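All of the numbers you see were taken from the coordinates with simple rules; none came from a lab. Because the structure is predicted, anything quoted here is derived from the model rather than measured. In this analysis, Cβ positions are derived from the backbone assuming ideal geometry, glycine residues included, and neighbour counts consider all displayed protein chains.
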Amino acid sequence: MENLTSGLKRSKYLFFSISLVIFIGCKQQSSDQTKKEDVVVLWEPYNDSLEVAANINHEVERLRYKFIQSKVLDKNKVFLPLYDEVSKFNTSTYESLKPLILEQDIPSIQKHIADGKLTYEQLVLFYLHRIYKYELDNGTTLNTVIALNPKVLEEARKLHSDSKGQHPIYGMPILIKDNIGVQEMKTTAGAIALMENQTDDAFIVERLKERGALILGKVNLSEWANYICKGCPNGQSAVGGQTLNPYGRRVFDTGGSSAGSGTSVAANYAVAAVGTETSGSILSPSGQNSVVGMKPTIGLLSRTGIVPISSTLDTPGPMTKNVIDNGILLDAMRGFDNEDEKSVQADWPEKWYTEEKPSLQGKRFGAFKNYIKSDSIYKITLEKMKAAGATIIEFEPPEVEFDGFLSILNIDMKNDLPNYIAAQVKDKKVVKVENVEDVVQFNLQDSLIRIPYGQGRLEGILVDSTSAETLKKIKKRLRTNGRKYFDGPMNEHRLDAVLSINNYDAGAAAAAEYPALTIPMGYKESGEPISLTFIGKQFQEGKLYSLGAAFENLTKMRKIPADYVN
């Protein structure tokens, strides 16, 4: 124990000396930073056994971690390429820019740039400064940023001085969940089997780049988008380690699978992030990290170039600090994709995601009776909405069966993963798996490093014998039941939306293929975030944004995590 403690002390001392070089601009390198090969060391692995031991009796079983630090990720390789430029961005410049950027929405940031108070390059450096400051310190790291785009500053310098005539996403630094293809970085899905996976840009990334967005880097996730182990912690991956919640590191769940997208936005590491959802993977981490998350209607955004679970239910979606940014990012990713059989052409007008004066007056919402009884924050929130002119109809959802949900995921992944590898993986010599069975066998070669929590979900795929005909019936039945679950009360009471909590009804929304928008509604006595989720019918994203903006204006509940304010 004594040796472990002294080791942690040395690790803190090492980071202190490093931070002086990075953030004060000291030109003299310490002996710890220069190896014989003259390679700068920004970070060294540390012993995480004390942190693991501290969580061994956590009241939430999923937070009883087996590891915190990745056993395979070298942060030096991630952070060194941009080190020289970031180290020149001094603390005084950072502090002067903070009021212009921190917690600001995209329209405000664009106005500051248009007014000459800020440049796109400075915007990128501001976020990089925060990432280096917190992610290289083992006492504050969220294990969330696992790759950085080495070209991002070069790309920022090529942009025009303002975004006049451009999409609002122009010049905005965006972080991408690491199951989405980005040409400049590997796409791992958090799995060692895909650690060297080089791809082209995913369709939605192409759209972002066309509209001038800057891809800042990749963020951690629950490995294989949370479809690897049963009951394992959210936000854990063999590649990235255990993602941690900025509102309470090792205290609160990060949600998953888009854990890195949620935690990075919450900590202001970028303007916004992109997540993916099959059932709850955007809504859950958005709720747990007090950010705005949209799970759009299936087909509104392309899935081409994204490591799949289910071609039936998968969708990417935006995760942001506010509603307007969410609409901007969603709009920037839209486009019809011939390669995605579910893709739809949505010819919506410019700025369809905004309403000049959004209001709750006269709007009708359905509220779950059991949530009103069990959750005081939900109940208080409904009272606030009533006071603002909304009508709240309490209801009990119809009883419907969702049996067979896992069979959809099992059989889809069994079929979809080989298709992804065949179409997207550039070098089959370095990515040596071709299907789920290969992944299972690959992981068994080093189970301690590759699957510390097992791979029960993947093994379940291999034994699922659901036939194609049966699967077709399951999909039809679940979509019908999912829509019945919402349409019954929505049609009967003429509701504008159903109000849920976090990802509580994500499974039903997934089955129905309906959109869901979650927005911060407060914090529990413990400090853990909680969100209100608006669920509507297919392609009602614009309506949800209008309702969400009115709710956000009314409550203004989001707070930046206290340990990530500076």
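Quick notes
- P(r), alpha carbons of the stretch 298-398 - 10 Å bins starting at zero, rounded %: 13, 27, 29, 27, 4
- Each peptide among 353-359, 163-169 gets the average number of other Cβ atoms lying within 10 Å of its residues, and from highest to lowest they stand as 163-169, 353-359.
- Computed from Cα atoms alone, the Kirkwood hydrodynamic radius reported for the stretch 427-520 is 17.0 Å.
- Projected label distance in nm at His160 and Ile449, using a 7 Å step from Cα toward the beta-carbon: 5.0
- Of the cross-linked pairs Lys379/Lys556; Lys363/Lys524; Lys177/Lys472; Lys295/Lys537; Lys363/Lys543, those separated by over 22 Å at the C-alpha level are Lys363/Lys524; Lys177/Lys472.
- Once the C-beta distance of Lys71 and Asn566 is scaled by a Förster radius of 51 Å, the resulting FRET efficiency is 0.95 to the nearest 0.05.
- For the peptides 523-531, 234-242, 201-209, 342-350, residues were scored by their other Cβ atoms within 10 Å and the scores averaged per peptide; the highest-first order is 234-242, 201-209, 523-531, 342-350.
- Mean sequence separation of contacting Cα pairs (under 8 Å, at least six apart), scaled by the length of the chain, corresponds to a relative contact order of 14 percent.
- Working value for the stretch 164-302: equivalent-ellipsoid semi-axes of 23, 18, 14 Å, each the square root of 5 times a Cα gyration tensor eigenvalue, largest first.
- Summarising the strand pairing of the stretch 2-351, around 65 percent of its internal DSSP beta bridges are antiparallel.
- Computed Kirkwood radius, in angstrom, where 1/r is averaged over Cα pairs of the stretch 82-237: 16.7
- Of Leu73, Gly190, Ile324, farthest towards positive along the dipole that unit charges on Lys, Arg, Asp, Glu beta carbons give the stretch 2-351: Leu73
- Whole-angstrom gap from the stretch 512-566 to the stretch 134-148, using each part's C-alpha centre: 26
- Built amide H within the under 5 Å cut-off of Ile176, gap 5+: Gly217, Lys218, Val219, Val274
- Local charge for Lys133 was computed over the other residues whose Cβ lies under 13 Å away, with Lys and Arg +1 and Asp and Glu -1, and equals -2.
- Positive-end ranking of Thr304, Tyr564, Gln122 along the dipole of the chain, with charges on Cβ about the Cα centre, is headed by Tyr564.
- For the chain, the Kirkwood estimate of hydrodynamic radius, built from reciprocal distances between every pair of different alpha carbons, is 23.9 Å.
- Dipole magnitude of the stretch 2-351, debye to nearest 20 (Cβ charges: Lys/Arg +1, Asp/Glu -1, about Cα centre): 720
- The calculated FRET efficiency for Asn47 paired with Glu525, based on their beta-carbon distance and R0 = 22 Å, is about 0.10.
- Amide hydrogen neighbours beyond the local backbone of Asn197, cut-off 5 Å, H modeled: Thr187
- Sparse-neighbourhood loop sites, trypsin sites (Lys or Arg not before Pro) in the stretch 74-108 - DSSP loop, at most 15 other Cβ within 10 angstrom: Lys88
- Packing order of peptides 95-107, 257-269, highest average first: 257-269, 95-107 (average count of other Cβ atoms within 10 Å over each peptide's residues).
- Computed from the C-alpha gyration tensor, the three semi-axes of the ellipsoid equivalent to the stretch 73-166 are 25, 15, 12 Å, from longest to shortest.
- Range of Cα positions in the stretch 376-455 per principal axis (Å), largest first: 62, 28, 26
- Shape of the stretch 409-456, Cα gyration tensor, a/c cut at 1.5: oblate
- As a proxy for reagent exposure, Glu223, Glu51, Glu383, Glu434 were ordered by neighbouring Cβ count within 10 angstrom, fewest first; the result is Glu383, Glu434, Glu51, Glu223.
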